[in-house]
Amino acid sequence: MKPRRSALAELPPPDTRRWVPRRKAEVVAAVERGILTADDACQRYNLTMEEFESWKQLFRRHGRKGLRVTQMQKYRDRPLRSNVEAPSTSSKMTPLIGGRPGFL
């Protein structure tokens, strides 16, 4: 299926270098509406499929705000705290030193 020219004209230009959340959302929405395939979008905008899929996932979960570069780290899946290794029990605690526990 070939995309309509008028629909493509409303998308960010293919040479876009500055990806603000609005532009990312427009590309994701175009793929979801069938204006472009994900492969076509990646080729048109020189994106990796992984990059596009991360936009799509963040947009679905958090809306346009999730597509802010500064927010991406905050919204990405992180390991649960319980997966973090506990400190080694072989370290010996010393009595309080200057009001704080110390390690040997």
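Descriptive notes on the structure:
- Pairwise Cα distances in the stretch 5-77 exceed 16 Å in 43 percent of cases.
- Subtracting the Cα-Cα distance of Thr16 and Glu32 from their residue separation scaled by 0.36 nm leaves 3.8 nm.
- Note on Ser6 and Asp39: the extension gain reaches 9.9 nm, defined as 0.36 nm multiplied by sequence separation minus the Cα-Cα distance.
- Cβ-to-Cβ counts within 10 Å put Arg44, Arg17, Arg68 in ascending order as Arg17, Arg68, Arg44, the fewest first.
Read-outs throughout are calculated quantities, based only on the coordinates presented, and are distinct from any laboratory measurement. Every value quoted in this text rests on a predicted model; they were computed, and no experiment measured them. Note that we place each Cβ from the backbone using ideal geometry, even for glycine, and neighbour counts take in every protein chain shown.
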